[in-house]
Amino acid sequence: GGLVRAYGGTAAECLRTAPSRPLVPMCGLTFHCGFSEHALMRARLLAMDATIEAETFGADGVDLRITLPQAREEEARARITDITRGQAVIRVVEDPDPETH
């Protein structure tokens with residue numbers, strides 16, 4: 001009994017003093033943009049709390065994979081569409097890695 005109380009008290013103290021982070025639902029998107037749009041795209045996405053997970057440079061531009069708060073998905077889609085003048089095909093990444101966010 002005493003050992004259980006001691007461990008229980010220690011666990012409760014750890015939970016009280018541990019830093020907490022809010023859980024934010026995330027979504028992932030992939031799309032392509034031209035080289036001329038790339039720097040502006042990065043700046044605008046990072047300003048929306050997006051994380052650029054991958055960039056693949058090809059002959060005609062850059063394929064990007066991003067993760068961002070789900071609440072900002074619509075805003076991100078609008079921004080991507082505006083910057084690429086409607087040329088980007090935006091796809092949802094089905095399972096952004098929750099362990100990294």
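The values are calculated or read from the model by the stated rules, or taken from the named source; none is laboratory data. Predicted model, so just to flag it, every value in this text is computed and none were measured. Here the Cβ is made from the backbone with ideal geometry for all residues, glycine too, and neighbour counts use every protein chain on show. Only protein heavy atoms, including side chains, enter the accessible area calculation; ligands, DNA and RNA are left aside. Shrake-Rupley method; radii C 1.70, N 1.55, O 1.52, S 1.80 Å.
Taking the alpha-carbon set of segment 44-89, what are its Rg and Dmax in Å?
When restricted to Cα atoms, segment 44-89 yields Rg and Dmax of 10.8, 33 Å.
For segment 32-101, build the charge dipole from Cβ charges (+1 Lys, Arg; -1 Asp, Glu) around the Cα centre, then report which of PHE57, THR67, SER36 sits farthest towards its positive end.
SER36
On the full set of protein chains, 1.4 Å probe, figure out the accessible area of ARG79 and give it in Å² to the nearest 10.
Per-residue accessible area (ARG79): approximately 80 Å².
Taking segment 12-96, which GluC sites (Glu not before Pro) meet the DSSP loop condition and have no more than 16 other C-beta atoms within 10 Å?
Passing both the DSSP loop test and the Cβ count: GLU94.
So, with a 1.4 angstrom probe, what is the percent of accessible area on the chain that is carbon and sulfur?
The value for the chain is 55 percent carbon and sulfur by accessible area.
Using Cα pairs under 8 angstrom and six or more residues apart, how large is the relative contact order of the chain, in percent?
For the chain, the relative contact order is 35 percent.
If I take the Cα coordinates of the chain and project them onto the principal axes, what are the three extents in Å, biggest first?
68, 23, 22
Calculate, for the chain, the solvent-accessible area per residue in square angstrom, rolling a 1.4 angstrom probe over the heavy atoms of the protein chains.
Accessible surface, normalised per residue, equals 69 Å².
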